[in-house]
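A quick write-up on the structure given underneath.
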Amino acid sequence: MCTYITVTTDVEGSAKGPGGKWFRVTDAAAYYDHPVHAMAEHTLNVDLTDPSAGPGQRIALELTASSAQRLIDTIQQALDAAPDELKVG
Amino acid sequence: MNMSDSLHATTVHLTGTDGADIEAYLATPDGEERRGGVVVIHHLPGYDRATKEMVRRFAELGYDALCPNLYSRQAPGADPSDAAAAVRAAGGIPDEQLVADVETAAAHLRGLPRSNGKVGVIGHCSGGRHAVLAACHADLDAVVDCYGAFVTGTPAADYPLNVTNLVPLLPQLRAPLLGLFGKNDKFPSQDHVAELDEILTAGGKPHTFFSYDDAGHAFFSVDRPSYSVKAANDGWERIETFFADHLGA
């Protein structure tokens with residue numbers, strides 16, 4: 001099914017995008033729905049974007065549910081391991 | 001029926017009821033015979049190659065077929081997946097806009113030189129819901145819903161959806177409906193399909209449903225793991241028969 005569910009947030013950072021060029025990302029969206037490319041009926045999809053530069057300014061991820069959960073856990077571990085005084089911004 | 005399989009496919013531009021420029025993909029059979037038209041509604045992932053292949057298939061079957069890019073306003077000219085992501089992040093497209101764009105597409109088809117005046121609509125997945133939605137408002141002669149979720153069924157209260165079901169609109173359904181579903185699908189489930197069947201039967205609305213064993217959601221999608229050759233082949237045959245019955249000259 002198309003779940004229609006989309007969760008969004010603003011973000012601050014950079015991503016390497018179309019044409020191999022870095023760009024500033026300002027927005028993120030996450031949704032569990034049909035992928036475009038991944039070989040699964042549904043995936044956890046993440047878009048990191050700069051909408052001011054048009055729809056093509058986007059990094060797209062399509063991860064199976066278990067892969068997405070492992071990535072979340074991995075990110076959490078990396079953040080937890082970093083000293084609080086370094087977490088600025 | 002198209003007597004040859006020669007066809008012409010191209011991009012056209014429509015003007016929406018709000019004045020917006022709407023890109024659309026048009027495929028027409030070569031030949032002089034009068035024919036019906038088919039509006040193909042693309043799925044949530046956008047105005048993509050797989051949808052355009054379906055448009056060409058309808059021309060090969062003998063129909064003028066047209067797929068409006070529902071994301072033309074928000075992301076003109078963008079890659080389909082980028083457009084879908086942008087529209088999704090912005091909250092999707094309103095139902096009213098969908099209905100208006102289908103009406104615009106249907107009018108374009110009826111204005112083509114060999115139109116017989118009849119126009120059907122078909123959609124898959126989110127497009128299945130959209131097809132039924134359009135047929136509750138627009139002047140259409142046949143509608144095909146391929147596993148559209150939330151035609152019936154009520155999402156859980158904590159489910160963050162931007163869509164509502166179409167139950168309140170179903171008394172307005174103005175065209176015969178062919179519904180094609182997979183028995184392993186959860187949205188729409190067989191309970192959702194049964195609910196739709198009951199509502200349409202009670203309302204005296206002509207409809208024919210088929211639910212396939214060993215098929216889930218998106219069984220027509222040739223480029224996805226959900227593809228089911230058995231269900232898709234049978235489904236295409238039923239679509240051919242249905243449109244021939246309702247859109248024929």
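Below, the figures for the structure above:
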| item | result |
| --- | --- |
| Unique match (being surrounded by 14 or more Cβ atoms within 10 Å (Cβ to Cβ) and part of a helix (DSSP H, G or I)) among B:215, B:175, B:194 | B:194 |
| Residue satisfying condition, being small (Gly, Ala, Ser) and open to solvent by 20 Å² or more (accessible area, probe 1.4 Å), within set B:9, B:75 | B:9 |
| Residue B:186 being modelled with pLDDT of 95 or more and not in a helix (DSSP H, G or I) | no |
| The stretch B:78-131, residues that are more than 14 Å from chain A (Cβ to nearest Cβ), over 30 Å from residue A:57 (Cβ atoms) and open to solvent by less than 40 Å² (accessible area, probe 1.4 Å) | B:99, B:102, B:106, B:109, B:112, B:115, B:116, B:117, B:119, B:120, B:121, B:122 |
| Among residues of the stretch A:31-60, those that are of a type in the set (A, V, I, L, M) and over 30 Å from residue B:193 (Cβ atoms), counted | 5 |
| Residue within the stretch B:4-25 that is at pLDDT 95 or above and under 15 Å from the mean Cα position of the chain (by Cα) present | yes |
| Total residues in the stretch B:21-55, condition crowded, with 16+ Cβ neighbours inside 10 Å and not in a helix (DSSP H, G or I) | 22 |
| Among (1) among the aromatic types (Phe, Trp, Tyr); (2) in a helix (DSSP H, G or I); (3) facing chain A (nearest Cβ under 9 Å) - the single one residue B:58 does not satisfy | (3) |
| Filter pass, residue B:140 being part of a loop (DSSP other than H, G, I, E, B), within 20 Å of residue B:24 (Cβ to Cβ) and in contact with a strand residue (DSSP E or B) (Cβ under 9 Å, 6 or more places away or on another chain) | yes |
| Members of the stretch A:22-40 that are within 11 Å of chain B (Cβ to nearest Cβ) and of a type in the set (A, V, I, L, M, F, W, C) | A:28, A:29, A:30, A:36, A:38, A:39, A:40 |
| Qualifying residue in the stretch B:225-243 (condition: open to solvent by 20 Å² or more (accessible area, probe 1.4 Å), over 15 Å from the mean Cα position of the chain (by Cα), over 30 Å from residue A:36 (Cα atoms) and of a type in the set (S, T, N, Q)) | yes |
| Selection count where residues are outside any loop (DSSP other than H, G, I, E, B) and in contact with a strand residue (DSSP E or B) (Cβ under 6 Å, 6 or more places away or on another chain), scope the stretch B:219-237 | 2 |
| Filter result for the condition that a residue is free of Cβ contacts under 8 Å to residues at least 40 places away in the same chain and open to solvent by less than 50 Å² (accessible area, probe 1.4 Å), over B:210, B:181 | B:181 |
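Rundown of residues vs (1) among the hydroxyl-bearing types (Ser, Thr, Tyr); (2) more than 10 Å from every other protein chain (Cβ to nearest Cβ); (3) over 21 Å from residue A:5 (Cα atoms); (4) under 15 Å from the mean Cα position of the chain (by Cα), yes/no style:
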site	(1), (2), (3), (4)
A:42	no, no, no, no
A:51	no, no, no, yes
A:63	no, yes, no, yes
A:66	yes, yes, no, no
A:69	no, yes, no, yes
A:73	no, yes, yes, yes
A:79	no, yes, yes, no
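The values are calculated or read from the model by the stated rules, or taken from the named source; none is laboratory data. Note that the structure is a prediction, hence the values are computed from the model and not measured. Here Cβ is always computed from backbone atoms with ideal geometry, including for glycine, and neighbour counts include all displayed protein chains. Just so you know, the surface numbers come from the protein's heavy atoms only, side chains and all, with ligands and any DNA or RNA stripped out. Shrake-Rupley method; radii C 1.70, N 1.55, O 1.52, S 1.80 Å.
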